[in-house]
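Just so you know, all these numbers are worked out from the coordinates, no wet-lab data involved. Predicted model only: the values in this text are computed from it and were never measured. Reconstructed Cβ throughout: ideal geometry from the backbone, glycine too, with neighbour counts over all protein chains shown.
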Amino acid sequence: MSLNPASENPKSVFRAADIVLDSAYQGIDTKSWQSLFAQARSAKVEQFIADLFAGKHVNASEDRPALHSALRNLDQKPVLVDGKDVMPAVADVWHRIEALSNKWVGVTDVIHIGIGGSDFGPRLAIEALAHVPDIETRGMRMHFLANIDTAELGRILQRALPHSTRVIIVSKSFTTLETTKNAKAVVRWLKDSGRTESQIHNALFAVTANVPAAKAFGVQEEHIYPFWDWVGGRYSVWSAVGLPIALQYGFDTFKEFLAGAQAIDQHYRTAPLEENLPVLMALTLLYQQEQHGIKSFAVIPYADALDWFPKWLQQLDMESNGKSVDRNGKPVQFSCPVVFGSSGSNAQHSYFQLLHQGKEVIPIDFIAIREPMSHLPEAKEHHRILLSNCLAQAQALANGKQTDNPNNTYPGKRPSNLLILPKLNAFYLGALLALYENRATILGVLWNINSFDQPGVELGKVLAKPIEAALNNSATVAADANIDAITAQRINLFNS
Ligand code: F6P
């Protein structure tokens, strides 16, 4: 990507909460930036940000606000949902999380049962923070049980000690099949391990927006941590869904996590569009779509601790914005590209060949952390190598290399952002997640998409029911209203 002549180089380094964004390798000149900001203004981005934080019903299809920001509103300034301040209820849950996190002495294992938004956030946080040098940890084994595949269940039950295990069932709806089935299986295991009814009762906890369903499942009311329908599942790690963070690393660390996100919210609400990191990040993607028709986007954290980050982002971006109609049901020109990624430098030895020389141009967000993640004697040198790889990849992708041999030619002009975190701790992890949450919502505005519903996940769930019944009945199946001929043939392959 040949940079513009110096005089034309627009500002490319921006800061929010000590996080740096360098967009220089996007190859966007001053004129293009101006037109991107004009586009953002005509999409009413500023009005959307105000509406989002004011609790307006930005989730129009479900007629509700999207107020995950209230969950990290540590100042407790009132946040009104339909005229009622939600902060007292939010603060009450904080107090209960704090009390619980001080109480769990002698617990060896926590089985956190949840999937999608009820899994990725806490799983990422537990994994990422485990790598923070000197972090205070209670040293519990945190098991995340999401998949209905009993491989995961089996692995966890082999390791957990039933008499000192606590179980947290996390489900906004409390109807998700994987979660309720896995919860029943874990209760069955506790019983089979000789735990009494009352011991099981004491070991079960729930985090949900459907308190009656959790009670009906058998979780006692004092063990239920509520959240609310104005929090989207994939935006919910800031609620009691993030309980494992407080249990493992203490309530102060959980608060730091919220504080990092709050700092980004503060920036997002107040910074002009020209300095606003989530807006700038969204606009760089929009530019690459509009100018170069890109269809995929990669996020590569040069930090092993953030290996789960791309998986978290996949749900956030693609479940939020992977849609082909706009808020009015009209076809959109652009929407969410395919999101993928994994930690560098490992990723270099996997799909970077395609990033450098493949036919498709794929914009990348590189994420780097200034400080090494260990105190080992090799830490400084290895970290220098890690960072040099990150910088070198971005440069190679942007500038390419011309040679006489087409096989050794790198086309270049492959855009990327660089995000630099001062260090990885709970604060900057919270800030990083909030940056991308806010970016996702801005992309939704730019594409005129509702980023807070996910109707596309329903059809498959409905169809799975008759198919399961057919698989359970080993008779030969014929196509019917619910099962087409190809699927009937496939069921018969399993049943034969
Ligand atoms: O995959 C669909 C989905 O509804 C996600 O939006 C959500 O994060 C996940 O399932 C789990 O839902 P719940 O928290 O209600 O169990």
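Given R₀ = 22 Å, FRET efficiency for Ser296-Lys413 by Cβ-Cβ distance, to 0.05? According to the calculation, E is roughly 0.90. Counting only DSSP H runs of at least 4 residues, each contributing -39500 (n - 2.57), and dividing by the residue count of the chain, the helix-based mean residue ellipticity at 222 nm comes to -13500 deg cm²/dmol.
Here the Karplus curve 6.51 cos²θ - 1.76 cosθ + 1.60, taken at θ = phi - 60°, turns the phi angles of the stretch 380-387 into couplings of 5, 5, 4, 5, 4, 5, 4, 5 Hz, with x standing for Gly and Pro. Here the label points at Leu391 and Asp149, each 7 Å from Cα along the C-beta direction, are separated by 4.0 nm in the simple model.
Would you please classify the overall shape of the stretch 331-452 from the alpha carbon gyration tensor, given that a ≥ b ≥ c denote the square roots of the eigenvalues, rounded means a/c under 1.5, and beyond that prolate means a/b larger than b/c while oblate covers the rest? In terms of gyration-tensor shape, oblate. When only alpha carbons are used to place a centre, the stretch 152-171 and the stretch 288-326 end up 31 Å from one another. For Leu74, put the label point 7 Å out on the Cα→Cβ axis and report which residues of the stretch 83-98 keep their amide N under 15 Å from it. Inside the label zone: 91, 94-95, 98.
Take every pair of alpha-carbon atoms less than 8 Å apart whose residues are at least six positions apart; their mean separation over the length of the chain yields a relative contact order of 20 percent.
Note that the stretch 395-411 has calculated 3J(HN,Hα) couplings of 5, 4, 5, 6, 8, x, 7, 8, 9, 6, 9, x, 5, 9, 8, 10, x Hz, one per residue in order, obtained from phi through the Karplus relation 6.51 cos²θ - 1.76 cosθ + 1.60 (θ = phi - 60°); glycine and proline are x.
Would you kindly state how much longer the chain becomes between Ala475 and Glu221 on full extension, computed as 0.36 nm times their sequence separation minus their alpha carbon distance, in nm to one decimal?
Details: separation 254, 0.36 × 254 = 91.44 nm, distance 4.41 nm.
Fully extending the segment from Ala475 to Glu221 adds 87.0 nm.
Taken along the Cα-to-beta-carbon direction at a fixed 7 Å, the label points for His349 and Asp134 span 3.1 nm.
Arranged from highest to lowest average of other beta-carbon atoms within 10 Å per residue, in what order do the peptides 204-214, 253-263, 270-280 appear?
Working: 204-214: 21.2, 253-263: 23.2, 270-280: 19.4.
Most protected by this proxy first, the peptides run 253-263, 204-214, 270-280.
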